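Contents: one structure, followed by commentary.
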Amino acid sequence: MSAFVDTHCHIDTYEEQSQSSFEALWQSMESPEDPQIAAPELMIHVACDPKGFEYARKLSEKHPFIYAAYGIHPEYIETETSEDEYKVTEYLKHPKAVACGEFGLDYHYHSEQRKEQIELFERHLELGLKSQKPLVLHLREADDDAMAILQNAPIKNTNIHVHCFTGSPDFVKRLLSLNTHLFVGFTGIVTFKNAQNVRDAVKEVPLNQLLLETDAPYLAPVPHRGKPAHSGQIPYIAQKIAEIKEKSVDEIYAACRKNTRNCYGI
């Protein structure tokens, strides 16, 4: 099996949900019972709650194959402080910090706070651009506001990973039209029966702008739905994308591995 990277996972949340350690997970990925599961070459652990920043730092220092991203998820809109934002800037200075994020807009759960979310997104975007790191964006059910903000932001030559894409083919086309280095991440959602919109979106994304991710422990691919997702399940996602793109799985792995280098420098 070709080398692959899980470009977006939450290892601390996996440990909480599975009641198992990362070490035990790694062992199971290296010696899997399921022949489709394999250990990734590298993983990007995303710390999007300030309470988890120190965990991320220690994890990335302990394991040479783990890198970290630091940001504040829009779900923390009511608790986020200026001190938290300062922490993001400090942790982004760590040598294994590869991105600022995830941050963005989520109107699925917090649509009544659109104004506040927009203000937060604009502030975090400014913070992320100052760091000169790639940006990891969480954009859910907020297409028009997201586009309005991104079109007016100085993002030229910035590497952006729109993570866990769940929108329409039209929205992904609008994102791809932005004057920036844009990459789109797809998760186990591509295997879900009711996610034809996401499969249609995959068709619109050029091969050189695709990224593989799990968003573990969320969104485990079929046939593991209902269980905590983990990085070893990337092959299920790659297989489905290969079918959609009418390419071999090895072509998908090779393209996405190259894209990860181009986006994150790892």
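The values are calculated or read from the model by the stated rules, or taken from the named source; none is laboratory data. Just so you know, these numbers come straight off a predicted model, no measurement behind them. We place every Cβ from the backbone using ideal geometry, glycine too, and count neighbours over all the protein chains shown. Ligands, DNA and RNA are excluded from the accessible area calculation, which covers all protein heavy atoms including side chains. Shrake-Rupley method; radii C 1.70, N 1.55, O 1.52, S 1.80 Å.
Applying the criteria of a DSSP loop state and at most 11 other Cβ atoms within 10 Å to the trypsin sites (Lys or Arg not before Pro) of the range 134-196 yields K156, K193. Computed in the context of the full set of protein chains, the accessible area of the range 110-247 at 1.4 Å probe radius has 45% of its extent on carbon or sulfur. Scalar couplings 3J(HN,Hα) for the range 136-146, obtained by applying the Karplus form with A = 6.51, B = -1.76, C = 1.60 to θ = phi - 60°, are 10, 9, 10, 10, 10, 6, 9, 4, 5, 5, 4 Hz; x denotes Gly and Pro.
When the chain is treated as a GNM with alpha-carbon contacts under 10 Å, the residue of A148, A68, A99 showing the greatest mean-square fluctuation is A148. Here the chain was treated as a single set of alpha-carbon atoms; its pair distances binned every 10 Å from 0 give 7, 33, 39, 19, 2 percent. Excluding ligands, DNA and RNA, the accessible surface per residue across the chain is 44 Å² with a 1.4 Å probe. Remark: the range 161-178, residue by residue, has Karplus-estimated 3J(HN,Hα) of 10, 7, 8, 6, 5, 10, x, 8, x, 5, 5, 5, 5, 5, 5, 5, 7, 5 Hz, where x stands for each Gly or Pro and the curve is 6.51 cos²θ - 1.76 cosθ + 1.60 at θ = phi - 60°. Shape class for the range 108-266, computed from the alpha carbon gyration tensor (a ≥ b ≥ c): prolate, with a/c not under 1.5 and a/b above b/c.
Among the aspartates and glutamates, which fall within straight-line cross-link reach of K87, defined as a Cα-Cα distance under 20 Å, with same-chain neighbours fewer than 8 residues apart omitted? Reachable aspartates and glutamates: D12, D49, E54, E61, E75, E78, E102, E119, E122, E126. Across the range 207-218, rounded Karplus estimates of 3J(HN,Hα) from the backbone phi angles (6.51 cos²θ - 1.76 cosθ + 1.60, θ = phi - 60°) give 4, 7, 10, 8, 10, 9, 7, 10, 6, 3, x, 8 Hz, Gly and Pro being marked x.
Please work out whether the range 65-110 counts as rounded, prolate or oblate from its C-alpha gyration tensor, where a ≥ b ≥ c are the square roots of the eigenvalues and a/c under 1.5 means rounded, while otherwise a/b larger than b/c means prolate and anything else oblate?
Since a/c reaches 1.5 but b/c is at least a/b, the shape of the range 65-110 is classed as oblate.
For the chain, with a Gaussian network of springs between Cα atoms less than 10 Å apart, report the residue from I160, I77, I44 with the top mean-square fluctuation. Among I160, I77, I44, the largest mean-square fluctuation in the Gaussian network model of the chain belongs to I77. Loop-resident GluC sites (Glu not before Pro) (DSSP state other than H, G, I, E or B) in the range 60-118 with no more than 15 further Cβ atoms inside 10 Å of their Cβ: E78.
Placing +1 on the Cβ of every Lys and Arg and -1 on the Cβ of every Asp and Glu, with no other charges, gives the range 1-148 a dipole of roughly 680 debye about its Cα centre. With the whole protein complex present, E30 retains an accessible surface near 120 Å², based on a 1.4 Å probe.
Shape call for the range 213-266 from the C-alpha gyration tensor, a ≥ b ≥ c root eigenvalues: rounded (a/c under 1.5), prolate (a/b greater than b/c) or oblate? Cα axes put the range 213-266 in the oblate bin. Between the listed residues H108, A238, S131, the Cα displaced farthest toward the positive end of the dipole of the chain, a dipole computed from Cβ unit charges relative to the Cα centre, is found at A238. Taking Cα centre as origin and charging only the Cβ of basic (Lys, Arg, +1) and acidic (Asp, Glu, -1) residues, the dipole magnitude of the range 128-191 rounds to 340 debye.
Evaluated with a Cβ-only charge set (Lys, Arg +1; Asp, Glu -1), the chain carries a dipole of roughly 880 debye about its Cα centre, given to the nearest 20. For the range 123-207, the number of Lys pairs separated by eight or more positions or lying on different chains, with C-alpha atoms closer than 18 Å, is 5.
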